[in-house]
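Below is one structure; the comments refer to it alone.
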Amino acid sequence: VQLQASGGGLVQAGGSLRLSCTASGSIFSTNLMGWYRQAPGKSRDLVATITTGGYANYADSVKGRFTISRDNAENTIWLQMNNLKPEDTAVYYCEFDSPRIGQYWGQGTLVTVSS
């Protein structure tokens, strides 16, 4: 499985960005995709995940500001990030997880929020 992520950048506090990630390769129908982020000197933490059935899970810190969505036919997920805060600054990683083939990570995309 290969994951191609895009959409990071520099934005002012209060602004918005949209990340996308497309999975390719030997993908089976049942899987979980999502976003994690890692700030300098910190661990990689969950941001949001979504199942093929559309069930979404969010970190408390992003609830009400971020929305994850997916297109199963395109094996693509998006993360709409609104009202961004400086503490959202991190490298964001796309993740794919399937009970049949395991867990995969995409290359990170940097999100920088200036105050």
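The values are calculated or read from the model by the stated rules, or taken from the named source; none is laboratory data. Predicted model, so just to flag it, every value in this text is computed and none were measured. Note: ideal-geometry Cβ built from the backbone for every residue, glycine included; neighbour counts use all protein chains shown. Heads up: the accessible areas ignore ligands, DNA and RNA and are worked out on the full protein's heavy atoms, side chains in. Shrake-Rupley method; radii C 1.70, N 1.55, O 1.52, S 1.80 Å.
Table: residues versus (1) over 12 Å from SER98 (Cβ atoms); (2) at pLDDT 95 or above; (3) touching a helix residue (DSSP H, G or I) at 6+ places or on another chain (Cβ under 6 Å); (4) not β-branched (Val, Ile, Thr).
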| residue | (1), (2), (3), (4) |
| --- | --- |
| VAL11 | yes, yes, no, no |
| LEU17 | yes, yes, no, yes |
| THR22 | yes, yes, no, no |
| SER26 | no, no, no, yes |
| THR30 | no, no, no, no |
| MET33 | no, yes, no, yes |
| TYR36 | yes, yes, no, yes |
| ALA39 | yes, yes, no, yes |
| ALA48 | yes, yes, no, yes |
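Candidates in the stretch 20-37 are the residues that are touching a residue at least 60 places away in the same chain (Cβ under 8 Å) and in a loop (DSSP other than H, G, I, E, B); of these, the one that is least open to solvent (accessible area, probe 1.4 Å) is ASN31.
Contact map, the stretch 102-115: residues that are surrounded by 11 or more Cβ atoms within 10 Å (Cβ to Cβ) paired with residues that are β-branched (Val, Ile, Thr) and assigned to a strand (DSSP E or B), Cβ distance under 6 Å, separation 6+ or inter-chain. Pairs shown: GLY108/VAL91; LEU110/VAL91; VAL113/VAL11. How many residues does the stretch 1-55 hold that are closer than 18 Å to SER114 by Cα and of a type in the set (A, V, I, L, M)? Residues that pass the stated criteria total 6. Within the stretch 1-15, the residues that satisfy the criterion of being touching a strand residue (DSSP E or B) at 6+ places or on another chain (Cβ under 6 Å), assigned to a loop (DSSP other than H, G, I, E, B) and surrounded by fewer than 19 Cβ atoms within 10 Å (Cβ to Cβ) are GLY7, GLY8, ALA13.
Can you say whether TYR93 is under 16 Å from GLY106 (Cβ atoms) and touching a strand residue (DSSP E or B) at 6+ places or on another chain (Cβ under 6 Å), as far as the supplied structure shows? So TYR93 passes the test. Restricted to strands (runs of 3 or more DSSP E) entirely inside the stretch 40-88, those with at least 3 residues that are open to solvent by less than 20 Å² (accessible area, probe 1.4 Å) and in contact (Cβ under 8 Å) with a residue 12 or more places away in the chain are 44-51, 76-81.
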